[in-house]
Amino acid sequence: MQSILIPQRLYEPPSRDVREYQMLRPIKFSVNGCGYIVLSDALAGNLGGLEHANDFVFSDGALKKSLRLEWPMSAWGSSYQPYARQITVRDSTKEVNSITLAKLAKKIAEELKRFIELNQNFVLEDTRWKVGSGFITLDRLLLVEARQVSGGSIQPVLRLVPRQRGHQTR
């Protein structure tokens, strides 16, 4: 599937040295070897073929992490506010394990859905990065990986599937 990388600015915590986190291995998402998962599929729980779906993701013992988005700026300098929201990264079993890769994909999809809902009425002069009905929706967003950008934060790496000419998105 043809797609373009969404150029997010990498989140930097205000007073921390981020070099140690930039060396951590990214959390990769791949369905049947394609190197991504469509976020609308993740939200719907259509996770068949997700490689390593039942692998535990986090080993640091944290209960929560902030999911961060730094949406790209328009050509005229306007942009959505940086998005951050805490997600639970431990399950509710007696062992309190890390969530699985499949669960993380679903949580990221839920947060992108919330981000779109919060920002769909925000006016952007440049509609290239506009979210909402008729613009960028979950069915056009591909989750490639998640990067730990600080001790308590992760940031998804996303790709965008271009709209087909004359095709209206959901």
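The values are calculated or read from the model by the stated rules, or taken from the named source; none is laboratory data. This is a predicted model, so every value here is computed, not measured. In this analysis, Cβ positions are derived from the backbone assuming ideal geometry, glycine residues included, and neighbour counts consider all displayed protein chains. Quick note on the areas: whole protein, heavy atoms, side chains included, nothing else; ligands and nucleic acids left out. Shrake-Rupley method; radii C 1.70, N 1.55, O 1.52, S 1.80 Å.
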* Structure fact -> For the chain, the charge dipole (Cβ of Lys, Arg +1; Cβ of Asp, Glu -1; about the Cα centre) points to a positive end, and the Cα of Y36, F122, L160 closest to that extreme belongs to F122
* Segments 46-54, 133-141 sorted - mean Cβ within 10 Å per residue, highest first -> 133-141, 46-54
* Structure fact -> Answer in debye to the nearest 20: the dipole magnitude of region 93-170 about its Cα centre, from +1 Lys/Arg and -1 Asp/Glu charges placed on Cβ, is 220 debye
* To do: Work out how much length R114 to R163 would gain on full extension: take 0.36 nm times their residue separation and subtract the Cα-Cα distance, in nm to one decimal.
  => 15.5 nm
* the chain - percent relative contact order, Cα under 8 Å, separation 6 or more -> 33 percent
* Asked: Against the longest principal axis of the chain, how steep is helix 101-119, in degrees 0 to 90 to the nearest 10, with axes from Cα atoms?
  -> 40 degrees
* Whole-number percent relative contact order across region 49-112, with pairs defined as alpha carbons under 8 Å at least 6 apart -> 40 percent
* Among I136, Q81, L101, which residue has its Cα positioned farthest towards the positive end of the charge dipole of region 20-170, with +1 placed on the Cβ of Lys and Arg, -1 on the Cβ of Asp and Glu, and the dipole taken about the Cα centre? -> I136
* Among all lysine pairs in the chain that are eight or more places apart or on different chains, how many have alpha carbons less than 23 angstrom apart? -> 23
* Hey, with R₀ at 30 Å, roughly what FRET efficiency would E95 and N32 work out to, going by the Cβ-Cβ distance, to 0.05? -> 0.50
* In debye, nearest 20, what is the charge dipole magnitude of the chain about its Cα centre with +1 on Lys and Arg Cβ and -1 on Asp and Glu Cβ, if you could check? => 200 debye
* What does the convex hull of the Cα atoms of region 59-170 come to per residue, in Å³, rounded to a whole number? -> 110 Å³
* Can you figure out the FRET efficiency of D55 with R128, using R₀ = 41 Å and their beta-carbon distance, to the nearest 0.05? => 0.70
* Using only helices, what value at 222 nm comes out for the chain when you add -39,500 (n - 2.57) per DSSP H run of length 4 or more and divide by the total residues, to the nearest 500 deg cm²/dmol? -> -5000 deg cm²/dmol
* Which value in nm describes the separation of the simple spin-label points at Q8 and A84, placed 7 Å from the Cα toward the beta carbon? -> 1.3 nm
* Under 15 Å from a point 7 Å along the Cα-to-Cβ line of A62: which residues of region 125-153 have their amide N that close? -> 146-153
* Fraction of accessible area attributable to carbon and sulfur, the chain (%, probe 1.4 Å) -> 49 percent
* Heavy-atom surface of region 79-126, accessible at 1.4 Å and reported per residue (Å²) -> 54 Å²
